[in-house]
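The values are calculated or read from the model by the stated rules, or taken from the named source; none is laboratory data. Since the model is a prediction, treat every value here as computed from it, not as a measurement. Methodologically, a virtual Cβ is constructed for each residue, glycine included, from the backbone with ideal geometry; neighbour enumeration extends over all protein chains shown. Protein only, heavy atoms only, side chains kept; ligands, DNA and RNA dropped before computing areas. Shrake-Rupley method; radii C 1.70, N 1.55, O 1.52, S 1.80 Å.
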Amino acid sequence: MPRIAYGILLSLPCLWPVPQAHAFTGIPPTVATVADEHRTSANGLPDIILIQDVHRHEEVQSQITAILLYGAHAWDIQNVYLEGIDQDAPSASHPLAPMKVHGLEKPSLYKQHVSAYARVESRKKAALRELEISRLLSHSFDTAEYSEKEYALLKRMLRLRMKPADYADYLHLNSMPRGSYLTEALSAAEDFYTLADDRSKVFAEALALYKGDGPVVAVVGGFHTQKMAEEFKRLGKSYVVLSPHVTESGYDDAYSRGMEQTISALHLR
């Protein structure tokens with residue numbers, strides 16, 4: 001399985017001492033904020049620390065490295081688990097932080113997920129065109145079935161830019177607009193998000209089995225963390241979700257190029 005590149009350390013903020021830090025983690029808000037947490041004890045560190053990744057976003061990769069270096073110093077973190085690496089792959093030393101790197105993926109499920117992405121991408125342009133024609137016709141004949149907000153939701157679905165709350169709204173739409181490419185692309189997109197949830201459960205189960213001292217850290221995409229949090233609660237595990245501070249946008253092209261490389265490497269085209 002190809003290993004996702006997590007970027008290089010572009011700049012490392014000074015973390016000691018830490019002004020205006022979150023009371024629990026010690027991480028300053030200029031590096032990351034706590035997006036979610038579930039505590040089973042008022043004191044001590046959680047069982048699991050999740051870091052939300054924005055794949056191939058250089059600023060985010062810098063912040064993640066800063067968090068890992070801080071975790072090695074302040075929390076005695078010795079192991080980090082990464083999305084995009086096979087669970088059965090041998091552990092390796094992190095190139096920038098003093099800890100071992102392990103994988104979270106089941107290769108067959110990962111390949112299915114990437115395949116769903118490829119199916120959406122191959123139909124996306126034509127599907128968006130069909131969606132726009134559907135929108136224009138419905139307004140022309142005053143038979144609009146969807147609001148502008150709902151059409152925007154459908155566009156995000158086709159572009160695979162959904163947040164968990166968006167996907168929940170999508171699932172509550174009463175019907176789908178018709179069109180050959182549109183129907184196929186939306187079906188593939190639904191597969192993509194179903195498989196994303198399946199991967200999230202696999203990640204959570206792997207982390208729940210961790211037997212080392214202290215907390216374990218995992219770096220995963222932001223869409224995965226909500227489903228993983230639900231699984232941790234079910235398993236009685238405490239956790240914190242850290243969201244790296246982002247000031248720069250425009251990573252979509254880099255993400256798409258990276259996915260195309262993965263599709264090619266897995267011989268899905």
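Tabulated values for the structure
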read-out: Matching residues in region 160-187 - criterion: being open to solvent by 30 Å² or more (accessible area, probe 1.4 Å), touching a Leu at 6+ places or on another chain (Cβ under 7 Å) and closer than 16 Å to LEU131 by Cα; value: MET176
read-out: Count of region 30-53 residues which are β-branched (Val, Ile, Thr) and surrounded by fewer than 21 Cβ atoms within 10 Å (Cβ to Cβ); value: 4
read-out: Residue within region 72-80 that is within 28 Å of SER187 (Cα to Cα) and either not hydrophobic (A, V, I, L, M, F, W, C) or not in a loop (DSSP other than H, G, I, E, B) (or both) present; value: no
read-out: Number of positions in region 37-95 that are on the phi < 0 side of the Ramachandran plot, in contact with a helix residue (DSSP H, G or I) (Cβ under 7 Å, 6 or more places away or on another chain) and among the basic types (Lys, Arg); value: 0
read-out: SER108 being open to solvent by 40 Å² or more (accessible area, probe 1.4 Å), among the hydroxyl-bearing types (Ser, Thr, Tyr), under 24 Å from the mean Cα position of the chain (by Cα) and within 28 Å of GLU230 (Cα to Cα); value: yes
read-out: Set ALA97, ALA74: member being in contact with a Ser or Thr (Cβ under 9 Å, 6 or more places away or on another chain), free of Cβ contacts under 8 Å to residues at least 60 places away in the same chain, under 30 Å from GLY26 (Cβ atoms) and open to solvent by less than 10 Å² (accessible area, probe 1.4 Å); value: ALA97
read-out: Test result for VAL241, modelled with pLDDT of 90 or more, surrounded by fewer than 20 Cβ atoms within 10 Å (Cβ to Cβ) and of a type in the set (Val, Ile, Thr); value: no
read-out: Residue count, region 44-70 (criterion: closer than 22 Å to LEU209 by Cα and of a type outside the set (D, E, K, R)); value: 9
read-out: Criterion violated by TYR146 - all others in (1) modelled with pLDDT of 90 or more; (2) of a type outside the set (Gly, Ala, Ser); (3) open to solvent by less than 20 Å² (accessible area, probe 1.4 Å) satisfied; value: (1)
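Here is a yes/no grid of residues against (1) farther than 18 Å from ALA204 by Cα; (2) modelled with pLDDT of 90 or more:
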{"position": "ARG56", "(1), (2)": "yes, no"}
{"position": "ILE64", "(1), (2)": "yes, yes"}
{"position": "TYR70", "(1), (2)": "yes, yes"}
{"position": "HIS73", "(1), (2)": "yes, no"}
{"position": "ASP86", "(1), (2)": "no, yes"}
{"position": "ALA92", "(1), (2)": "yes, yes"}
{"position": "LEU96", "(1), (2)": "yes, no"}
